Structures are given as C-alpha cells and as structure tokens.
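What follows is a short report on a single structure.
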Amino acid sequence: MTYSKVIENFLRYVKIDTQSSEESSDKVPSTEKQRNLAKLLYQELTDLGAENVRYDEEHGYVYAVIPSNMDQDKVPAVGFIAHMDTSPAVSGENVNPRVIENYDGKDIILNQEANIVTCVSDFPMLKSCRGKSLIVTDGSTLLGGDDKAGVAEIMAMAEYLLTHPEVKHGKVCVGFTPDEEVGNGVEYFDIKGFGADYAYTVDGGMLGDMSYECFNAAGAVLTVTGKSVHPGYAKNVMRNAIKLAYEFQRALPDECPENTEGYEGFYHVDHMKGNVEEVVAEYIIRDHDKAKFEERKAVFAKTAENLNKKYGEGTFHVTISDSYSNMREMIEQKMYIVDNAAEAMRQAGVEPVISAIRGGTDGARLSFDGLLCPNICTGSEGHHGRNEFACIEDMEKIVEILLNLIGITAKQ
Ligand SMILES: [Zn+2]
C-alpha cells in the first residue's frame, strides 16, 4: 500500500524515540534522543527548500520559514507549531505502527497474548473512524500521534507549498519544540526569530477539535502541624496531623477531577506525605473562569483559616502560587484567529468542535508572551497510552485544513 506524504512522514517519525523525561526536566531538551528527530526535520526542511531553517544546537528547537510569494506585504505571517517529544508515561522505543484498513468500528486487539485491547467503550471517538483506516500500536508502546501527527501534518503542508508555487500564500512559519510533555516546550522558544504574527499549535485530538481556552491554574501546599505523644498516654494531648489533613480535605467543596468535566473546575489533592507530627499535602486548583478561579483560591485559604479557629492559629498553613492562565482572555481580543481556523475546517467539510482544554497548553504561555496561539486537531487520540491511535483520512484532512487556513489568511 502506498501512503500520502503526511502518512509517510508520520510512519517515519514515530519510529524515532523522542520520549522526554521528568527526572531531567531541569535541562532542555530533557533527553538527548529528541535531537534525532530535530536533526531529521532540520534536514528535511532544508531539502524541501524552506528558508531560514534553524536547528537550535543548545535547546533542540527547529524553525523554518516558507516565504510569502505574494506582492502585497500586508498578509499576516502565520505560524504552525508541534512538539517532537512523547510522554514519559509510556515507552516510545521501537514503536511498531500497524495500519488497519477499513476499520470495522469494533474493539481493536493490539496484542492477543498480552490481552491488550482498545475498547470502543473507553474510546468512543473510534466510532467516527468506522470505514476509515487507523494506525495503532502493537500494544507495547505509545504511538506518538501526540504530537508527531502534528509534526507530520505541518511537514506535509510545508512540502505542498514549497512544491506548488502557484498556490499564493503569505509568510508561513514552522516551529518544532522539545519537552512539551514535561512542561518546558516553550521555555526557550524564540518568538521573535520565529517571525509569525500569530500561530496555531497542531496538538489536539480528533478531526474538528479546536480550542482557545485552557484552565487557570494554581498549585497549593497545605502544611498541617500536629502534636505527637505516646499513643498510650495521648488522651486530650495528641493532635494527629493526618486526621486534621483529612478534615481539611473533607471541608473543601467536593469538586475533584473524578467528578467534574467541561467547564467545571476542581481542587485536587495530588500528593500527601507525613505523620502524626506533620503532614504536607500538595493540591492543584483549576478553573476556566477567572472569577471562579480566584474564588477557589480564596475558599482554599478560608478553609485553613476556619480550621485554625477550631484547632489554634498556625495548625493549618497554606501557600498558593499561580502556575498558568487561561489564554482565552488574550485570544478573545483577536477572535478572527479562531474564526479563520473554523472556516478552514468548514471549507474542508469538517464541522469545528470548539471545546475548552482541561489542562494547560504551550499555546497558553505563548499567548501571554505575545504570540496568540489556539490549538487545533491532529486526528489522533488516546494519547499517553498504548491505546493511542491515529486516523489516516483525518490526518490527510488536517493537511487540507492547514492549507485552507493559509489560503484564508492570504485573502485578509
Ligand atoms: Zn501534545
């Protein structure tokens, strides 16, 4: 079977292990092997005839420009960004992709012996892939569609533009980043050198997915101070910090990741460590809505305050620090960036589905740093796991959407 460029690209890229690492996330790239894909992309972009192709030796970023072929210089420069690394959660070594043609819409057996199955009940979006072709794993690794599907699509788009000079377009900027999965994807991103007026991360899920909202996020540390004495003689003296921490947790509103979805925010106790004498609990606080987010932080602090009235000042100590903000407040100022992407999808016969990301994105940080950056779909799903899959026809559609988007931008 012969594949389209985007699928050829994808099958080539997923075989290169680019797993990032939490343990060495103090440096970028966190793993040297990410450079293997970076260097390949640098070479491929150079061979395709892109301009200003740069490989950032120090941090492993790759940038390139497809120059405008239009006379007027008023056309905005549009950027496309994808990340090269894969999640530390599951191995990305020796990825062995398998193509399922004409998918029947049923559960997919990845590995018969080990009984690794992708169940439609767990991944209901599979239903929309019935009759199309899927790329799946052999059950021993993740696939790497997050985000090599995005990388492959951007590369196919670049190749098309560079081999079709008759297609008129403004300046198109391409950027590939390391270490997105460990939170450092844009740490050293050269916004100025990238040269785009605004950009899109191609790092979403199923065909049609689009988002320009993410959480407002904070981390909170609760320290509970108890009093330890011999349990045999503890009556009216011992104060068990473990039980007090439990009381704190119970006093919070029952809004946690397990029972929230959509635009519902939450408090999440992520880590807890301690003994009778002292407990330290780490929380994350999330909400899309800025006012509700502020309220959540206030509720968290107030809970400690109330309990201190009961158990004595200083028993519960809370520190809260913001981690990232919802990019909506920035992007809303130039909504045509989102509208253009939606229009590009409709031109390709795809109905856009705009949803709020229940997490953060590299685009959020870029948006606050001056490069507005919504996120669009890759045609892959089940990320960070062995059940990850990508849909061939959807990935091809996404290349078309990127080209439509460039066309729409050129007319503005
Ligand atoms: Zn991703």
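Values in this text are rule-based calculations from the coordinates and carry no lab data. Computed from a predicted structure; not experimentally measured. With ideal geometry, Cβ positions are generated from the backbone for all residues, glycine too; neighbour counts draw on all protein chains shown.
Per-structure values
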{"read-out": "Unsatisfied cross-links (Cα-Cα over 28 Å) in the set LYS148/LYS290; LYS273/LYS309; LYS243/LYS297", "value": "LYS148/LYS290"}
{"read-out": "Neighbour-count ranking [beta-carbon atoms within 10 angstrom, fewest first] of TYR103, TYR63", "value": "TYR103, TYR63"}
{"read-out": "Ascending count of other beta-carbon atoms within 10 Å, so fewest first, for THR201, THR86, THR319", "value": "THR319, THR201, THR86"}
{"read-out": "Dipole of the chain [Lys/Arg +1, Asp/Glu -1 at C-beta], most positive-end residue of GLY407, GLY312, CYS119", "value": "GLY312"}
{"read-out": "Charge dipole (debye, nearest 20) of the range 216-324; +1 at Cβ of Lys and Arg, -1 at Cβ of Asp and Glu", "value": "620"}
{"read-out": "Exposure proxy ranking, count of Cβ atoms within 10 Å, fewest first, for THR260, THR315", "value": "THR260, THR315"}
{"read-out": "Residues in the range 379-400 that a label on CYS256 would reach, taking backbone N under 20 Å of a point 7 Å out along Cα→Cβ", "value": "none"}
{"read-out": "Paramagnetic label zone (point 7 Å from Cα along Cα-to-C-beta, TYR233; backbone N under 20 Å) in the range 263-280", "value": "276-277"}
{"read-out": "Angle between the chain longest axis and helix 145-163 axis [Cα atoms, degrees, rounded to 10]", "value": "30"}
{"read-out": "Unit charges at the beta carbon, dipole of the chain: most positive-side option, THR137, TYR200, LEU366", "value": "LEU366"}
{"read-out": "Unit charges at the beta carbon, dipole of the chain: most positive-side option, GLY274, SER4, CYS377", "value": "GLY274"}
{"read-out": "Lys, Arg +1 and Asp, Glu -1 on Cβ, resulting dipole of the chain about Cα centre, debye, nearest 20", "value": "940"}
{"read-out": "SER20 long-range amide H proximity, modeled H, under 5 Å", "value": "THR86"}
{"read-out": "Max mean-square fluctuation residue, GNM over the chain, Cα-Cα springs under 10 Å, options ARG12, ARG328, ARG358", "value": "ARG12"}
{"read-out": "Theoretical FRET efficiency, 1/(1+(r/R0)^6), r = Cβ-Cβ of ASN96 and MET125, R0 25 Å, to 0.05", "value": "0.60"}
{"read-out": "Rg and Dmax [Cα atoms of the range 216-324; Å; Rg one decimal, Dmax integer]", "value": "15.0, 50"}
{"read-out": "Residue of VAL276, VAL95, VAL186 that the Gaussian network model of the chain assigns the largest fluctuation, springs spanning Cα pairs under 10 Å", "value": "VAL276"}
